Every structure is written in structure tokens, then in C-alpha cells.
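The values are calculated or read from the model by the stated rules, or taken from the named source; none is laboratory data. Just so we're clear, the structure is a prediction, and the values are computed from it rather than from any experiment. Note that each Cβ is placed from the backbone with ideal geometry, even for glycine, and that neighbours are counted across all protein chains shown. These accessible areas exclude ligands, DNA and RNA; they are computed on the full protein's heavy atoms, side chains included. Shrake-Rupley method; radii C 1.70, N 1.55, O 1.52, S 1.80 Å.
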Amino acid sequence: QVQVVESGGGLVHPGGSLRLSCAASGSIVRMNTVGWYRQAPVKQRELVGTITSGDIPDYADSVKGRFTISRGNAKNTVYLEMNSLKPGDTAVYYCNVPFDPFGYWGQGTQVTVSS
């Protein structure tokens, strides 16, 4: 059974930064497109962005220019670098690999942006 683990969430002031990590056992992260989603209270899960196995990222318009998705040197970890955070970015952030509704999901990591 593949376990996907997100980490790095926390409380940050508006304008601040956080870096989230997504890791999983084996080579599933390295060999597949990985998606980052987020879900705020009483809202639907929203796609934040993706990164292909060839390291090509793509972003939702709401985070473009502020968030960066990348892979670690060993390619087994995917990062979500979040800058210029806003209260509207408050959500539980999830990693999905392979990027597919029937892929594996982590338990999520809470990001709270508040003064």
C-alpha cells in the first residue's frame, strides 16, 4: 500500500511564505505527474497545480506568480513553495499521485493565513 505524506503546513501571517512537501514510498512520485489540491471549509476541493514527471509545472490562475511546484534532487519529493500568502489561501492542502481522482491521496496539511 502506497502512503502519501504531506508536511510543512502551519500558521503564517498575510504576505508570508510556507513550503509544503509531498513524499511517498517507492518511485511513484518520481515517475508520475503529481497534483496539489486544497480545500477550504465549506468549499469544494480546488486544484492548485501540477508537476509532470518531466518537471513541467502548471498552476491555477489564483496562485500563478505566487506558488511554485518543484521536485527535490532525488525526484521522490514534490514541493509547493507558497509566497505572498493571503487569508484566502487558508485550506487543507493535499497531494495526489498519480494525478488522478483514483490515485493516492495524503491526509493533508493545514495552512492558515491570518494576522
| query | Counting only the heavy atoms of the protein chains, how much of Arg45 is accessible to a 1.4 Å probe, in Å² to the nearest 10? | reply | 100
| message | Can you give me the accessible area per residue for the chain, using a 1.4 Å probe, in Å²? | response | 52
| query | What's the carbon and sulfur percent of the chain's accessible surface, probe 1.4 angstrom, rounded to a whole number? | reply | 51
| note | Tyr79 neighbourhood, Cβ < 14 Å, K/R = +1, D/E = -1, net charge +1
| Just the accessible area for Leu47, please: 1.4 Å probe, Å², rounded to the nearest 10? | 70
| query | Rounded if a/c is under 1.5, else prolate if a/b is larger than b/c, else oblate: which is the range 1-58, with a ≥ b ≥ c the root eigenvalues of its Cα gyration tensor? | reply | prolate
| lysines with Cα under 16 Å of Lys86, excluding same-chain neighbours fewer than 8 positions away | Lys64
| message | With only alpha-carbon atoms in the gyration tensor, what are the semi-axes of the equivalent ellipsoid for the range 5-115, in Å, largest first? | response | 22, 14, 13
| task | Kindly rank 57-68, 73-84 from highest to lowest mean number of other beta carbons found within 10 Å of each residue. | result | 73-84, 57-68
